[in-house]
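Q: This structure is in structure tokens; I'll ask about it shortly.
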Amino acid sequence: MGQYLSRLSKIVKRGKIISVEPIPSNIIALNFMKSILRIKNAIIINKAIAEKPGSAIITIPKMSGIPISTQASFIENLTLKESEKEKIEVETTTIDKIVDSLHLHKINFIKVDTEGFDSIALKSGANSIRKFMPLLKVEGSCFKPEMNWLFDLGYKAFKFKCNRVVLINNNDDNIKYKGDTYLSSKEQLDRILKTFNT
């Protein structure tokens, strides 16, 4: 809806902020945010991140007949009646395709919030992630078998708890702490720890 676009625009002055969003109403919100804040370095892409470029059906749950576009997902909620959801066809792309098409020479940060589709979204950028090792932010836990490849690359997982960095692993009670999970290279993590835990 533009929250991250607004936040990142305050700190990203020379680079690009790329927002990828499949839902038309959210695209309107993003463009409005870009316009009202006069953000000149934002690129808004009206597509969904998926396994490959093409098209797919995305499901939007409804509450009292109103679509909740922030909860749209490729994973259909089978407990909802047909009247409680809306299905739309969206164009899909991959992170690697975006990186190639925009001729990006560096990626610092990738934030993924895809309502249960995070591992597939990240895998779509496997080449770019291997090359640039950006800081990653994912919704929920990163300790799923399909995300093991990130740890094989040398990524370390952490969360923020009470404004401090808390390192986590698969057997740690801290993974039960609700909130987003971050993944970073060891070099990045050293800088993050110095910033937040000193």
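Q: How many nm separate the modelled label positions at E146 and C162, each set 7 Å beyond the Cα in the direction of the Cβ?
A: So the two model labels end up 3.5 nm from each other.
Q: Now a separate question. Under 11 Å from the Cβ of D113, count the other residues' Cβ atoms, weight Lys and Arg +1, Asp and Glu -1, and hand me the total.
A: On the way: positive: K111, K137; negative: E21, E115, D118, E139, D180.
Net charge in that neighbourhood comes out at -3.
Q: How high is the relative contact order of the chain? Use alpha-carbon pairs under 8 Å, at least six apart in sequence, and give a whole percent.
A: On the way: 312 pairs, mean separation 29.8, N = 198.
The normalised contact order for the chain reaches 15 percent.
Q: Let me ask you something else. Between K111 and V12, what is the label-point separation in nm under the 7 Å Cα-to-beta-carbon projection?
A: 0.9 nm
Q: Additional query: How far apart, in nanometres, would the label points at Q3 and I68 be if each is projected 7 angstrom from Cα along the Cα-to-Cβ direction?
A: 1.4 nm
Q: Next question. Could you work out the helix-only [θ] at 222 nm for the chain, with each DSSP H run of four or more residues adding -39,500 (n - 2.57) and the total divided by the number of residues, to the nearest 500 deg cm²/dmol? Present the calculation step by step, with values, prior to reporting the outcome.
A: Numbers: 7 runs with 56 residues, N = 198.
Dividing the helical sum by the residues of the chain leaves -7500 deg cm²/dmol.
Q: Which of P53, F32, I68 sits farthest toward the positive end of the charge dipole of the stretch 1-72, with +1 on the Cβ of Lys and Arg and -1 on the Cβ of Asp and Glu?
A: F32
Q: Between R191 and E91, what is 0.36 nm times their sequence separation minus the Cα-Cα distance? Round to one decimal in nm. Walk me through the numbers before you get to the answer.
A: Numbers: separation 100, 0.36 × 100 = 36.00 nm, distance 3.78 nm.
Net length gain for the segment: 32.2 nm.
Q: Explain nothing, just the number: dipole magnitude of the chain about its Cα centre with +1 on each Lys and Arg Cβ and -1 on each Asp and Glu Cβ, in debye rounded to the nearest 20.
A: Working: 31 positive and 21 negative charges, 228 e Å.
Charge dipole of the chain: 1100 debye, to the nearest 20.
Q: Pick the calculated Rg/Rh (Cα atoms, Kirkwood Rh) for this structure from [x] 1.12; [y] 1.10; [z] 0.96?
A: Matching entry in [x] 1.12; [y] 1.10; [z] 0.96: [z].
Q: Taking only protein heavy atoms and a 1.4 Å probe, what accessible area per residue, in Å², does the chain have with all protein chains in place? Intermediate results must be reported in sequence, preceding the final value.
A: Working: 12060 Å² over 198 residues.
On a per-residue basis, 61 Å².
Q: Please report, as a whole percent, how much of the solvent-accessible surface of the chain comes from carbon and sulfur atoms (probe radius 1.4 Å).
A: Details: 6330 of 12060 Å².
Whole-percent figure for carbon plus sulfur exposure: 52.
The values are calculated or read from the model by the stated rules, or taken from the named source; none is laboratory data. Everything quoted here is computed from the prediction, not taken from an experiment. Here the Cβ is made from the backbone with ideal geometry for all residues, glycine too, and neighbour counts use every protein chain on show. Side chains included, ligands, DNA and RNA excluded: accessible areas come from the protein's heavy atoms. Shrake-Rupley method; radii C 1.70, N 1.55, O 1.52, S 1.80 Å.
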